[in-house]
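**Q** Take this structure first; my questions come after.
The values are calculated or read from the model by the stated rules, or taken from the named source; none is laboratory data. None of the values given here were measured: they were computed from a predicted structure. Glycine gets a Cβ as well: all are built from the backbone with ideal geometry, and neighbour counts include every protein chain shown. With ligands, DNA and RNA removed, areas are computed over all heavy atoms of the protein, side chains included. Shrake-Rupley method; radii C 1.70, N 1.55, O 1.52, S 1.80 Å.
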Amino acid sequence: MNSAGEHDNMFYHLQEVSVKRDKRLVLDCISLRMGSPSTIIIGANGGGKTTLLMTLAGLLPYAGKISLGTNEISSFPRKRMAQMVSFVPQLFTPYLSISVRDFILLGKFPNLNWMGQFDQKDKEDVDRILQRLEIDHLAAQSIGKTSGGELRKILLARAIAQNTPYILMDEPTQGLDPLQQQKFYGLVPLLLEENKKVIMVGHDTSAVRSGQFDVVAIRGGQIWFEGKPDKLPTNWIEDLYKPS
């Protein structure tokens, strides 16, 4: 757990950021400050939500400037970025034939001890996370034999194990039934209590209306709205998601 206040003044600041993917301009000169403890990024499919999230995670090249705290993220060595930001992808195909416990333990890799080994504390922490997410019964199972919904929780568990101040998640409730979605949103305040900041992409309008998250809405590669959910326009769903 990070010490209280250690990352309180750390936030993302984007200045005229543009991103191209396959020669197509996906994010078009956007500027944004993201200082809220929890943020949900919304918008129509293809509008740039996932691209923005991946760019914040340091996974895509960009033009412009993105600072995390006082540092430009492009200046971070790969290991340092992995100590600052964990990323939960929307799509993931297990590529290793290992147990769920060992897969989550790999989230500790950026913070290995000076001997380059996982210690007993790391393993105990993973067991606590397994219990917390109610997937301890999967610990010894091969990750390749888990269901889609189980895999979503396993990926979140690995991100929590990485112990970064920022957790970025791309549609983390996809594939979860309504009860599991409810349990997921119940985890967010607990992460905030541990001085973590959460940024997620989602389509869940109930999450937007809950007031739990600040909102960044993207339309056509540009910022359509940013701020508190109670400041969204009255007909925001129709206006934001209407065909271009």
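**Q** What's the total number of residues in the range 130-149 that are free of Cβ contacts under 8 Å to residues at least 40 places away in the same chain and surrounded by 20 or more Cβ atoms within 10 Å (Cβ to Cβ)?
**A** Count: 3.
**Q** Follow-up question, since we're still on this one. Among the residues that make up the range 112-119, is at least one of them more than 30 Å from H13 (Cβ to Cβ), part of a helix (DSSP H, G or I) and out of contact with any helix residue (DSSP H, G or I) (no Cβ under 7 Å at 6 or more places or on another chain)?
**A** No, the range 112-119 contains no residue that is more than 30 Å from H13 (Cβ to Cβ), part of a helix (DSSP H, G or I) and out of contact with any helix residue (DSSP H, G or I) (no Cβ under 7 Å at 6 or more places or on another chain).
**Q** So W224 clears everything in (1) open to solvent by 50 Å² or more (accessible area, probe 1.4 Å); (2) under 24 Å from L68 (Cβ atoms); (3) modelled with pLDDT under 95 except one condition, right? Which one?
**A** W224 satisfies all of (1) open to solvent by 50 Å² or more (accessible area, probe 1.4 Å); (2) under 24 Å from L68 (Cβ atoms); (3) modelled with pLDDT under 95 except (3).
**Q** Filtering the range 45-77 down to residues that are under 13 Å from V17 (Cβ atoms) and of a type in the set (D, E, K, R), which residue is surrounded by the fewest Cβ atoms within 10 Å (Cβ to Cβ)?
**A** Across the range 45-77, the extreme among qualifying residues is E72.
**Q** Out of the range 78-111, which residues are more than 20 Å from A139 (Cα to Cα), outside any helix (DSSP H, G or I) and open to solvent by 80 Å² or more (accessible area, probe 1.4 Å)?
**A** Selection gives L91 alone.
**Q** Here's another thing I want to ask about it. Within the range 112-129, restricting attention to residues that are at pLDDT below 85 and surrounded by 10 or more Cβ atoms within 10 Å (Cβ to Cβ), which residue is nearest to the chain's Cα centre (by Cα)? Working first, answer last.
**A** Pass one, the range 112-129, residues at pLDDT below 85: 112-119.
Subset that is surrounded by 10 or more Cβ atoms within 10 Å (Cβ to Cβ): 112-113, 118-119.
Numbers: L112: 22, N113: 25, F118: 24, D119: 26 Å.
Looking at residues that are at pLDDT below 85 and surrounded by 10 or more Cβ atoms within 10 Å (Cβ to Cβ), I get L112.
**Q** Could you please tell me which pairs satisfy a Cβ distance under 7 Å, a separation of 6+ or placement on different chains, a first residue in the range 229-244 that is under 10 Å from R209 (Cβ atoms), and a second residue that is of a type in the set (V, I, T)?
**A** P229/V208; P229/V215; L232/V215
**Q** Let me ask something additional. So which residues in the range 57-77 are assigned to a loop (DSSP other than H, G, I, E, B) and in contact (Cβ under 8 Å) with a residue 12 or more places away in the chain?
**A** Listed by number, the residues that qualify are A57, G58, L59, L60, P61, Y62, G69, F76.
**Q** With touching a Pro at 6+ places or on another chain (Cβ under 9 Å), of a type in the set (G, A, S) and within 26 Å of L187 (Cβ to Cβ) as the only criterion, which of S38, S99, S74 stands out?
**A** S38
**Q** Ok, one more. Taking the conditions exactly as written (outside any loop (DSSP other than H, G, I, E, B), among the basic types (K, R), under 30 Å from G149 (Cα atoms) and open to solvent by 50 Å² or more (accessible area, probe 1.4 Å)), does K20 satisfy them or not?
**A** no
**Q** A further question follows. Got a sec? Which of L155, L168, L240 is in a helix (DSSP H, G or I), under 14 Å from the mean Cα position of the chain (by Cα) and either among the hydrophobic types (A, V, I, L, M, F, W, C) or within 25 Å of K108 (Cβ to Cβ) (or both)?
**A** Going through L155, L168, L240 in turn, just one is in a helix (DSSP H, G or I), under 14 Å from the mean Cα position of the chain (by Cα) and either among the hydrophobic types (A, V, I, L, M, F, W, C) or within 25 Å of K108 (Cβ to Cβ) (or both): L155.
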